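The block underneath contains the structure these notes are about, expressed in structure tokens.
The values are calculated or read from the model by the stated rules, or taken from the named source; none is laboratory data. Remember, predicted model here, so these are calculated numbers, not experimental data. Heads up, the Cβs are rebuilt from the backbone with ideal geometry, glycines too, and the neighbour counts pull from every protein chain shown.
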Amino acid sequence: MSLGGTATNGLVGSFMTCSDPKGERMLIRGFFEELVNRLIAVGGAIDPMSIANCDGYSSWHEFGHRNVTPFNSEALKFEAESMCLESGVELLYGVQGMDVILSKSGDRLDGVVFLGKEGLLFIAAKVVIDCTGDGDVAHLAGCPMMKGDETTGEMQAGSLFFVIDGVNEAALQARKDAKGWQAMRFTDEINQAVEAGEYPIPRRRLGMYKSNDGTWRCNITRIPDVDGSTTAGQNKIMQVGRVQIAAILKFLRKYVRGCESIRLVSSATLPGIRETRRIRGSFVMEESSIVAGEMFPDRILILSNSRDAHIGLVGRYIPQEVVYSLPYRMLVPQGVGNLLAAGRNVSCDRSTLSAIRVMPPCFGLGQAAGNAAVLAVRDKCSCAEIDVAELQDWLRQENVVLD
Ligand SMILES: Cc1cc2nc3c(=O)[nH]c(=O)nc-3n(C[C@H](O)[C@H](O)[C@H](O)COP(=O)(O)OP(=O)(O)OC[C@H]3O[C@@H](n4cnc5c(N)ncnc54)[C@H](O)[C@@H]3O)c2cc1C
């Protein structure tokens, strides 16, 4: 049990791009930068502004992967917990939110019901922030929700991350130098193995990210047609994912030069889920705002993350050339006044989600939600009614970049 969710127990990394498209300015700062600096200080991360495109840290992608942050999940567990305890947060591991109690008027939450070791546990709350990734709280509270593609029900594929060591990086780098970055998806080797009946993975690209400790995080498994907000879906990702990991290890050792001697260090204990439910706020951010580089008046974050939808054998990756912003309204659900959403379950269309679901924006959304909750409690108002200009001033004081 630990903090960090997908970043720790899901073994997902590196933290994706946090800079502008040219890598000249760190855009996602605030809490994210504070945490990264603490990780760097204990040898648990590398400064993202020192990471270029096109090397092992960015899986040799030529675009869209500039200024990623390689980090160690164990260091993150410790630093995240330390930061919470230093701030007076009372942590509660081993509980699962399973129901909500609404006020008599039905438009506020009295609190959330959890299942713990002794049974049910009610925690009263003035404001609740739903960071479950799946919008569990908002869903239980009856807020309007969206899930995947609203017409077809399609959702991005799930994946189970794993970590390896024993990679001969020099061999991989030599391949990149000789054949270019596209060759680092290893499509030729995958096709050969498919022909030989030795690659049962419905994905035709390898994603291997060097970490700061010399291990490599592997984003290779693919489990399509799965709803990660259900028990069955989560089970499928774990079980099919492990079977795929075994096959991928064999494939890498046999087909990929530089991976002959790899060893499995660990596999994720949390399923990797890219897309499930999102709140449907009175405002839903659309892809056109990303393309246009829209600067919303109520923005709480600016960023340049690319759209990355894991659908089909190769997925759809659209690099982002301009900076855009995320508005506070994305965090505010309809129907329950003292509830906010943060992380990947905010109010946006699918294409927008495919860009903002990566971890640096999720940190930014969480910081804004936390501060907004404080303002709502102080001013005894609903989350929709807080003074957004004051929220923005506060975020700026905390080094969040909004201009
Ligand atoms: C396979 C994969 C690869 C990715 N690659 C990258 C990458 O390279 N770089 C990058 O930056 N991002 C990447 N992402 C995206 C990113 O990791 C996630 O979108 C992001 O971490 C989501 O953060 P979150 O805080 O919204 O949710 P999560 O990190 O999923 O956290 C949700 C937490 O809530 C807990 N929870 C859920 N429901 C309940 C409940 N009912 N009661 C109590 N607790 C609950 C979960 O256990 C978890 O701890 C990837 C995602 C996946 C799945």
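Looking across segment 26-49, the residues that are more than 16 Å from the ligand (Cβ to nearest atom) and over 23 Å from MET208 (Cα atoms) come down to GLU34, ASN37, ARG38, ALA41, VAL42.
Rundown of residues vs (1) under 30 Å from THR231 (Cβ atoms); (2) away from the ligand (no atom under 16 Å from the Cβ), yes/no style:
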site: TYR255; (1), (2): no, yes
site: GLY258; (1), (2): no, yes
site: LEU270; (1), (2): yes, no
site: ARG280; (1), (2): yes, yes
site: ALA292; (1), (2): no, yes
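Filtered by the rule that a residue be charged (D, E, K, R) and farther than 18 Å from SER229 by Cα, segment 105-139 gives ASP107, ARG108, ASP110, LYS117, GLU118, LYS126.
Sub-7 Å Cβ pairs linking a first residue in segment 104-115 that is more than 12 Å from LEU339 (Cβ to Cβ) to a second residue that is of a type in the set (Val, Ile, Thr) and more than 13 Å from the ligand (Cβ to nearest atom), at least 6 apart or interchain, are VAL113/ILE101, ordered by first then second residue. A residue that is more than 21 Å from the chain's Cα centre (by Cα), farther than 30 Å from SER351 by Cα and exposed (fewer than 11 other Cβ atoms within 10 Å of the Cβ) cannot be found anywhere in segment 126-142. Determine whether segment 251-263 contains at least one residue that is touching a residue at least 24 places away in the same chain (Cβ under 8 Å), assigned by TED's automatic domain parsing to the domain that holds LYS77 and in a strand (DSSP E or B). Yes, because at least one residue in segment 251-263 is touching a residue at least 24 places away in the same chain (Cβ under 8 Å), assigned by TED's automatic domain parsing to the domain that holds LYS77 and in a strand (DSSP E or B). The condition (being touching a Lys or Arg at 6+ places or on another chain (Cβ under 8 Å), within 15 Å of the ligand (Cβ to nearest atom), modelled with pLDDT under 95 and under 24 Å from GLN173 (Cα atoms)) is satisfied by just one residue among GLY23, GLY13: GLY13. Of everything in segment 58-73 that is within 11 Å of the ligand (Cβ to nearest atom) and modelled with pLDDT of 95 or more, the residue that is farthest from CYS18 (Cα to Cα) is PHE71. Where residues in segment 264-308 are of a type in the set (Val, Ile, Thr) and part of a helix (DSSP H, G or I), which of them is surrounded by the fewest Cβ atoms within 10 Å (Cβ to Cβ)? Among those that are of a type in the set (Val, Ile, Thr) and part of a helix (DSSP H, G or I), it is VAL291.
Taking the options ASP134, ASP149, name whichever one is within 12 Å of the ligand (Cβ to nearest atom), within 20 Å of ILE273 (Cβ to Cβ) and assigned to a loop (DSSP other than H, G, I, E, B).
Numbers: ASP149 fails: within 12 Å of the ligand (Cβ to nearest atom).
Only one candidate qualifies: ASP134.
Limited to segment 92-124, what total is found for residues that are more than 14 Å from the ligand (Cβ to nearest atom), assigned to a loop (DSSP other than H, G, I, E, B) and β-branched (Val, Ile, Thr)? Summing the residues that are more than 14 Å from the ligand (Cβ to nearest atom), assigned to a loop (DSSP other than H, G, I, E, B) and β-branched (Val, Ile, Thr) in segment 92-124 gives 0.
Taken as a whole, the condition of being away from the ligand (no atom under 12 Å from the Cβ), free of Cβ contacts under 8 Å to residues at least 24 places away in the same chain and over 19 Å from CYS18 (Cα atoms) does not apply to ARG329.
Counting only residues that are touching a residue at least 24 places away in the same chain (Cβ under 8 Å) and either within 15 Å of the ligand (Cβ to nearest atom) or of a type in the set (A, V, I, L, M, F, W, C) (or both), segment 74-91 holds 9 of them.
If you go through segment 223-242 one residue at a time, do you hit one that is under 28 Å from GLU169 (Cβ atoms) and part of a loop (DSSP other than H, G, I, E, B)? Step through it out loud before you land on a result.
Restricting attention to segment 223-242, the residues satisfying the condition of being under 28 Å from GLU169 (Cβ atoms) are 241-242.
Retained after the next criterion (residues that are part of a loop (DSSP other than H, G, I, E, B)): none.
No, segment 223-242 has no match at all.
For segment 337-346, indicate whether the set of residues that are within 19 Å of the chain's Cα centre (by Cα), closer than 21 Å to GLU275 by Cα and more than 12 Å from the ligand (Cβ to nearest atom) is non-empty. Within segment 337-346, one or more residues are within 19 Å of the chain's Cα centre (by Cα), closer than 21 Å to GLU275 by Cα and more than 12 Å from the ligand (Cβ to nearest atom). Every condition in (1) more than 24 Å from GLY241 (Cβ to Cβ); (2) within 14 Å of the ligand (Cβ to nearest atom); (3) modelled with pLDDT under 95; (4) among the small types (Gly, Ala, Ser) is met by ALA52 except one, and the failing one is (2). If you check ILE248, ILE220, ILE190, ILE201 for being within 16 Å of the ligand (Cβ to nearest atom) and assigned to a helix (DSSP H, G or I), only one passes: ILE248. Cβ-Cβ distances below 7 Å connect no pair with a first residue in segment 41-53 that is outside the structural domain of PHE71 (by TED's automatic domain parsing) and within 18 Å of GLU24 (Cβ to Cβ), a second residue that is at pLDDT below 95 and buried (at least 17 other Cβ atoms within 10 Å of the Cβ), and a separation of six or more residues or different chains.
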